[in-house]
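Below is one structure, written out as structure tokens; comments come after it.
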Amino acid sequence: MSSSEAVHEAVEGEDAVAPRAGTVRLEHVTHQYRRGGQSVTAVGPVDLTVPAGEFLVLVGASGCGKSTLLRLIAGFERPTHGSVRVSGAEPRPGESAGVVFQTPRLFPWRTVRGNIDLALRYAGVDRGQWPERRAELLARVGLEGTDRRRTWEISGGQQQRVAIARALAAENPLLLLDEPFAALDALTRERLQEDVRQVTAETGRTTVFVTHSADEAVFLGSRIVVLTKGPGTVALDLPIPLPRGGADAEELRDSAEFAELRAEVSHAVKAAAAA
């Protein structure tokens, strides 16, 4: 039995009555689009279950369908075949998950405070609670004291922190991140990886993260799924037995276990892309 099948069976048994909030289930999912009058399969078939609280990383070469799967989970698109369920229901855009994109997509005419407050309003948070919730969110991503600054006055890394805070504003149990650090320098990327690892551990949210990087995947994930080249299917489903809390980031990255897992994932990505 594969790791994916084992997870699926475990969750089936556990959720026989109702799935836990944050559980993601993809069953026989295939997604196609039209190009030049022809139907092109972008991803699938994929069967995948993400238990509540897991940090799943989707990794693979460009064009393998990672971002497509994320959009399907977010509810931005519907699968051509199969079904996607989040907490037992069809995903609803803007409601089922907080989403962080490759670029921050902030409103430049608003301050940091304005961007967060808008997210709180859409999340249905009572206006009287905004100051406390805003302060809590900015503190969680290390941006205390920046609320009155314009978005163009802060660095790219800080802008992406605001985007993460905005995604956390709605207290839904699922967080989706689509290569959020791809455009950042190496030092900023590592710092934000550490932030996301800590934030998701503290909140206990189910997280699905898309990346090209084996290094980033092993550092962040409690589980990694490597996709084949398009149309993407599951080439490797690998649990990551590294400590999730209390571990020093540098010690973790320098450990032999980390190096072995990174090499295994890197090899799997290259083999899947070449197949």
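The values are calculated or read from the model by the stated rules, or taken from the named source; none is laboratory data. As the structure is a computational prediction, the values presented were derived from the model and not from experiment. All Cβ positions, even for glycine, are placed from backbone atoms using ideal geometry, and neighbour counts span all protein chains on display. Heads up: the accessible areas ignore ligands, DNA and RNA and are worked out on the full protein's heavy atoms, side chains in. Shrake-Rupley method; radii C 1.70, N 1.55, O 1.52, S 1.80 Å.
Observations, loosely collected:
- Rounded to the nearest 20 debye, the dipole size of the chain about its Cα centre is 1340 debye, using +1 on the Cβ of Lys and Arg and -1 on the Cβ of Asp and Glu.
- Of the trypsin sites (Lys or Arg not before Pro) found in the stretch 218-259, those that fall in a DSSP loop while having at most 16 other beta-carbon atoms within 10 Å are R244.
- For R223, nonlocal amide neighbours, meaning residues 5 or more places apart or on other chains whose placed amide H falls under 5 Å from its own, are F55, V57, I240.
- Choice from R133, R25, R85 with maximal GNM fluctuation in the chain (Cα, 10 Å cutoff): R133
- For the chain, the longest principal axis of the C-alpha atoms and the axis of helix 130-140 are separated by about 60°.
- A 1.4 Å probe run over the chain, with the rest of the protein chains in place, finds 47 Å² accessible per residue.
- Considered as an equivalent ellipsoid built on the Cα gyration tensor, the stretch 109-159 has semi-axes of 19, 12, 8 Å, the largest given first.
- Against the main long axis of the alpha-carbon atoms of the chain, helix 112-122 sits at an angle near 60°.
- In sequence order, calculated HN-Hα J values of the stretch 153-163 (Karplus, 6.51, -1.76, 1.60; Hz; x Gly/Pro): 8, 10, 6, x, x, 5, 4, 5, 5, 4, 4
- Nearest 10 degrees, 0 to 90: helix 186-203 Cα axis against the chain principal axis: 90
- Largest-first principal axis extents of the Cα set of the chain (Å): 51, 45, 42
- Rolling a 1.4 angstrom probe over the stretch 92-229 with all protein chains present gives an accessible area of which 47% lies on carbon and sulfur atoms.
- Projected over all directions and averaged, the alpha-carbon convex hull of the stretch 161-275 occupies 7.6 nm².
- Phi-derived couplings, Karplus 6.51 cos²θ - 1.76 cosθ + 1.60 at θ = phi - 60°, listed residue by residue for the stretch 92-101: 10, x, x, 10, 6, 8, x, 10, 10, 9 Hz, with x used for Gly and Pro.
- For the pair the stretch 73-98 / the stretch 161-204, the C-alpha centres are spaced 21 Å from each other.
- Cα-derived Rg to Rh of the stretch 105-206, Kirkwood definition: 0.94
- Max mean-square fluctuation residue, GNM over the chain, Cα-Cα springs under 10 Å, options G142, G246, G94: G246
- Other-chain or far-sequence residues with amide H under 5 Å of A235's (modelled H): V226, L227, T228
- Pairwise FRET efficiency - A274 versus L187, Cβ, R0 = 30 Å, nearest 0.05: 0.40
- In the chain, the DSSP-assigned H stretches of four residues or longer account for a calculated mean residue ellipticity at 222 nm of -12000 deg cm²/dmol, using -39500 (n - 2.57) per stretch and the full residue count as denominator.
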